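The structure appears below as structure tokens.
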Amino acid sequence: METTGIEIKTLATAAIAVIGVELAMGVINTYYSLHPLILTGLARSIQIILMILIVSYRGDGFSPIGLSQTGLVRGLQKGLLWSAGFGLATILATLLFFLGGINLLNFFNTGFPADPVRIALLLIVGGIIGPIAEELFFRGLLYTYLRRWGMIPALLGSTGAFVFIHPVQGLAVTQIIGGLLFGISFEIEKNLMVPLIIHILGNLAIFTLPAIV
């Protein structure tokens, strides 16, 4: 795992850019009252562009954050395998809990919009754009920077920050499991495409589950 590819000034610049976009979108929303998904989609898209520019400006390419042209296809394949394995484990765990009288599906009943436009926004923004922005920052930048102090600090630090930006009532079990899974897969495969694919497919599954069950 690359331990010197991300410097503190790169991480700090990216963090300032991400926070700045959030603040700017908050100000814009006070004047235009955009739909939350549209606002989030705009914010995440701008953040993705800014993070890519910041990483590119350093001149080291994207290899330090686990992205390279030669590894994209391999990362996609590995991501699909990890997603299949985690999906199977989730199904087995759900069945075991169900036999014990606990229906885990109730914890994922996040609601599903009836409007086709809102469905498309939910899947595009929450299922694709959001995960790309989050994996670029939390695994590509933050995890890689913290990795110089070892896997555990990197895993706990990136997961803690990931959970922090997802405020939920009670224990954020889904976010904790997700953050740990994304970090571990990134550590093992050394390819950002792997947690990115897991994150995208996981979000899409969670968002579409209420429409299926």
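Brief remarks follow.
- Relative contact order (%) - region 1-93, alpha-carbon pairs under 8 angstrom, separation at least six: 36 percent
- Sum of -39500 (n - 2.57) over DSSP H runs of 4+, divided by residues of the chain (222 nm, nearest 500): -21500 deg cm²/dmol
- Contact order relative to length of the chain, as percent, for alpha carbon pairs under 8 angstrom and 6 or more apart: 32 percent
- Sequence-distant residues sharing a close amide H with L67 (under 5 Å, placed H): L192
- Percentage, to the nearest whole number, of Cα pairs in the chain over 28 Å apart: 30 percent
- Once exposed loop GluC sites (Glu not before Pro) are cut out (DSSP; at most 15 other Cβ, 10 Å), longest piece of the chain: 8-213
- With the simple spin-label model, which puts each label point 7 Å out from Cα in the Cβ direction, the L104 to L81 separation comes to 2.3 nm.
- 3J(HN,Hα) along region 174-183, derived from phi through the Karplus expression 6.51 cos²θ - 1.76 cosθ + 1.60 where θ = phi - 60°, amounts to 4, 5, 5, 4, x, x, 5, 4, 4, x Hz, with x in place of Gly and Pro.
- The residues of the chain expose, per residue, 56 Å² of accessible area to a 1.4 Å probe.
- Solvent-accessible area, 1.4 Å probe, carbon plus sulfur percent, for region 132-213: 74 percent
- Cα-based Rg and Dmax for region 33-87, where Dmax is the largest Cα-Cα distance (Å): 15.5, 43
- Backbone geometry of region 145-154 corresponds, through the Karplus equation with coefficients 6.51, -1.76 and 1.60 at θ = phi - 60°, to 3J(HN,Hα) couplings of 5, 5, 4, 5, 9, x, 5, 4, x, 5 Hz, x marking Gly and Pro.
The values are calculated or read from the model by the stated rules, or taken from the named source; none is laboratory data. As the structure is a computational prediction, the values presented were derived from the model and not from experiment. When we count neighbours, we look across all protein chains shown, and the Cβ atoms used for this are built from the backbone with ideal geometry, even at glycine. Ligands, DNA and RNA are excluded from the accessible area calculation, which covers all protein heavy atoms including side chains. Shrake-Rupley method; radii C 1.70, N 1.55, O 1.52, S 1.80 Å.
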